[in-house]
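Below is one structure, written out as structure tokens; the observations come after it.
The values are calculated or read from the model by the stated rules, or taken from the named source; none is laboratory data. Since we're looking at a predicted model, the values are computed, not measured. Here the Cβ is made from the backbone with ideal geometry for all residues, glycine too, and neighbour counts use every protein chain on show. What goes into the accessible areas is simple: the full protein's heavy atoms, side chains included, and nothing from ligands, DNA or RNA. Shrake-Rupley method; radii C 1.70, N 1.55, O 1.52, S 1.80 Å.
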Amino acid sequence: MEQTIERIKSTQLQERVIDADVAASWIQDGMTLGLSGFTRAGDAKAVPLALIKRAETESFKVNVFTGASLGSDIDKLFAEAGIVNKRLPFQADPVMRRKINEGEMLFVDHHLSQTAEWIKAGVIEPIDFAIIEALSITEDGLIIPTTSVGNSALFVQYAKNVIVEINTAQPVLFEGIHDIYDTGKQGERPPIPLTHADDRIGVPGIPVDMGKIRGIVYTDQKDSPSTIMPSDEETEIMAGHLIEFLRSEVRAGRLTEKLAPLQSGIGSVANSVLQGLIDSEFEDLEVYSEVLQDAVFDLIDAGKVRVASSSSITLSQQKMEQVYSNFEKYRDKIILRPQEISNHPEVIRRLGLISINTALEFDIYGNVNSTHVSGTKMMNGIGGSGDFARNARLSIFVTKSIAKGGKISSVVPFATHIDHTEHDVDIVVTEQGYADLRGLAPRERAALIIENCVHPMYKEQMRAYYAEALTRGGQTPHVLEKAFSWHAKLAQTGTML
């Protein structure tokens with residue numbers, strides 16, 4: 001009872017503590033669930049696991065809406081249990097990916113900032129149950145989130161019913177770092193009053209109609225660690241190219257050594273490139289991103305970052321132990337917001353971000369594919385990269401120039417799926433070099449990308465393609481019957497060479 005009073009300060013809610021199996025029994029076939037969780041952080045754990053257990057003896061399917069990817073193998077186990085009808089807006093699990101590509105479940109891939117707009121407008125399925133991880137519930141009915149906010153505030157506001165998972169394994173020092181703000185509906189909303197990365201414009205928890213809280217479940221399970229890999233020689237070289245580009249912007253007077261607020265997408269390459277700033281001359285940095293990975297805390301430790309705003313914190317096991325055991329050191333520098341705010345085009349454009357995201361492939365004109373292998377097989381989803389790419393001051397995409405030991409070129413004649421058109425991409429970076437595409441016509445872009453970014457294994461092959469394309473003419477020259485020939489050869493022979 002002492003623990004209940006400590007974590008559930010509203011006396012009217014203290015009698016609603018239930019077992020996860022009871023909560024799971026309320027979920028019926030065909031319902032839509034809004035689960036907390038963003039990049040393996042702050043995800044609902046106990047009730048989803050109870051649902052998976054229930055699927056061993058019952059047949060049912062639900063729609064699963066989240067902030068982004070889930071931890072605790074929830075997506076994997078959901079996919080294996082066959083209980084997902086539709087999933088949105090992002091996932092990162094290999095088993096679920098296979099089920100999506102085999103057509104066994106539906107996946108709606110869209111910009112992370114847009115889930116809120118769709119739910120507010122009522123254009124997608126209404127949410128029957130919001131299942132939200134929390135540190136606590138305050139006396140006046142604020143749900144205090146844990147390591148992510150994501151779409152949790154939105155789900156709580158628009159769901160018919162709410163289940164709260166109080167996770168006692170999450171750091172209590174997280175209370176106070178959240179900034180929950182509701183933009184309101186389109187056509188009725190004022191400007192978002194956020195003009196600096198460290199502005200606080202909302203309240204420290206998620207407001208909830210306490211009458212909607214059906215039950216409260218206690219859990220004691222840490223977040224899953226991130227799956228990012230350490231820097232390697234190639235990503236360190238890429239970081240060097242990016243830093244040299246930033247230096248050129250300082251020399252040109254377009255930036256100072258404080259740069260501009262930084263955004264870095266999820267993943268090993270983007271994290272490694274950001275880590276390259278540790279030994280640079282840049283300092284007093286601001287981060288305004290959707291996720292804070294290891295590199296951001298390394299930059300804080302190095303005295304480089306003044307403030308870091310995002311929607312979640314996703315760390316490797318070692319970094320998680322270090323940061324969470326000493327969070328007092330970081331809490332005054334960290335703000336967690338709803339993804340509707342962290343990824344909002346209005347704010348991104350106003351703050352003038354430097355945005356660094358990862359490409360699967362890009363083509364000679366600067367079109368970027370960040371989602372589909374060979375144009376058909378979904379990887380994870382577009383996530384927030386489009387929110388930032390379209391609206392950032394500098395839209396930068398990074399990738400290694402080759403994959404699978406050289407069997408695949410990441411720079412191709414024509415991207416097989418285009419998530420970010422040439423109009424939304426400013427800089428492309430590989431370990432071979434970078435190409436600044438701003439102000440360049442398509443033919444100028446192609447020449448620069450081929451010379452600066454293509455791996456030597458593929459450079460002559462690319463030059464030959466482009467030379468033939470030039471004979472066809474046009475603003476954006478292509479040999480249509482050969483534009484995807486590299487991908488076709490990969491499918492037939494196992495290599496693009």
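A few points about this structure:
- Debye intensity ratio I(q)/I(0), log10, the stretch 353-478, q values 0.14, 0.22 Å⁻¹ (C-alpha model): -0.54, -1.34
- With a simple spin-label model that places each label point 7 Å from the Cα along the Cα-to-Cβ direction, the separation between residue 169 and residue 189 comes to 3.4 nm.
- Cβ-Cβ distance of residue 256 and residue 349, R₀ of 25 Å, FRET efficiency by 1/(1 + (r/R0)^6): the value works out to about 0.80.
- Full-stretch length increase - residue 123, residue 81 - with 0.36 nm per residue and alpha-carbon distance subtracted: 12.3 nm
- Burial ranking of peptide ranges 194-200, 289-295 (average Cβ count within 10 Å, highest at the top): 289-295, 194-200
- Mean residue ellipticity (222 nm) of the chain, computed from DSSP H runs ≥ 4 via -39,500 (n - 2.57), nearest 500: -8500 deg cm²/dmol
- Evaluated at q = 0.06, 0.10, 0.13 Å⁻¹: base-10 log I(q)/I(0), Debye formula over Cα of the chain: -0.28, -0.76, -1.22
- Within the stretch 37-52: backbone nitrogen closer than 19 Å to the residue 22 label point (7 Å, Cα to C-beta): 45-52
- Normalised by residue number, the volume inside the convex hull of the Cα atoms of the stretch 59-125 is 84 Å³ per residue.
- Mean accessible surface per residue for the chain, computed with a 1.4 Å probe while every protein chain stays in place, in Å²: 38 Å²
- If you look at the Cα atoms of the stretch 276-423, you get an Rg and a Dmax of 16.9, 50 Å.
- Net +/- balance of residues flanking residue 362 in space, Cβ distance below 11 Å, scoring K and R +1, D and E -1: -3
- Sorted into 10 angstrom bins from 0, the C-alpha pair distances of the stretch 1-128 split as 12, 40, 33, 13, 2 percent.
- Principal-axis tilt of helix 233-251 within the chain, Cα atoms, nearest 10 degrees: 80 degrees
- Length available on full extension from residue 438 to residue 29: 0.36 nm per residue minus the Cα-Cα distance, which gives 142.2 nm.
- What the Cα convex hull of the stretch 72-175 gives, in volume per residue, is 124 Å³.
- Placing a label point 7 Å from the Cα of residue 423 along the Cα-to-Cβ line, the residues of the stretch 363-397 whose backbone N sits under 18 Å from it are 363, 365-369, 386-396.
- Ratio Rg/Rh [Cα only; Rh per Kirkwood] for the stretch 161-259: 1.13
- Extension gain from residue 196 to residue 284, taking 0.36 nm per residue of separation minus the Cα-Cα distance: 30.3 nm
- The chain: angle of helix 442-453 to the longest principal axis, Cα-based, in degrees nearest 10: 80 degrees
- Partner lysines for residue 160 [C-alpha distance under 18 Å; skip if fewer than 8 residues away on the same chain]: 120, 212
- Net charge contributed by nearby residues that have their C-beta within less than 12 Å of residue 22 (K/R +1, D/E -1): +1
- Among the listed pairs 333/377; 76/222; 377/400; 185/319, those beyond 29 Å (Cα-Cα): 333/377; 185/319
- Cα extents of the stretch 304-374 along the three principal axes, largest first (Å): 47, 32, 24
- Kirkwood-type hydrodynamic radius, the stretch 8-56: 12.5 Å, calculated from all non-identical alpha-carbon pairs.
- Long-range Cα-Cα pairs in the stretch 232-332 (distance over 17 Å), rounded percent: 51 percent
- The stretch 141-232 - charge dipole about Cα centre, Lys and Arg +1 at Cβ, Asp and Glu -1, debye rounded to 20: 420 debye
- With the convex hull drawn over the C-alpha atoms of the stretch 30-72, the volume per residue is 63 Å³.
- Note on the stretch 275-331 and the stretch 8-59: Cα centroid distance 32 Å, given to the nearest whole angstrom.
- Antiparallel %, DSSP beta bridges [both residues in the stretch 272-404], to 5: 25 percent
- Distance between the modelled labels on residue 73 and residue 114, one decimal in nanometres: 3.4 nm (7 Å Cα→Cβ projection).
- The Cα-based radius of gyration of the stretch 238-292, divided by its Kirkwood radius, gives an Rg/Rh of 0.95.
- Solution diffusion estimate, µm²/s, Stokes-Einstein, the stretch 140-187, Kirkwood Rh from C-alpha pairs, 20 °C, viscosity 1.002 mPa s: 172 µm²/s
- Surface composition of the chain: carbon plus sulfur atoms contribute 50% of the solvent-accessible area (1.4 Å probe, protein chains only, all chains present).
- Partner aspartates and glutamates for residue 459 [C-alpha distance under 15 Å; skip if fewer than 8 residues away on the same chain]: 363, 431, 451, 468
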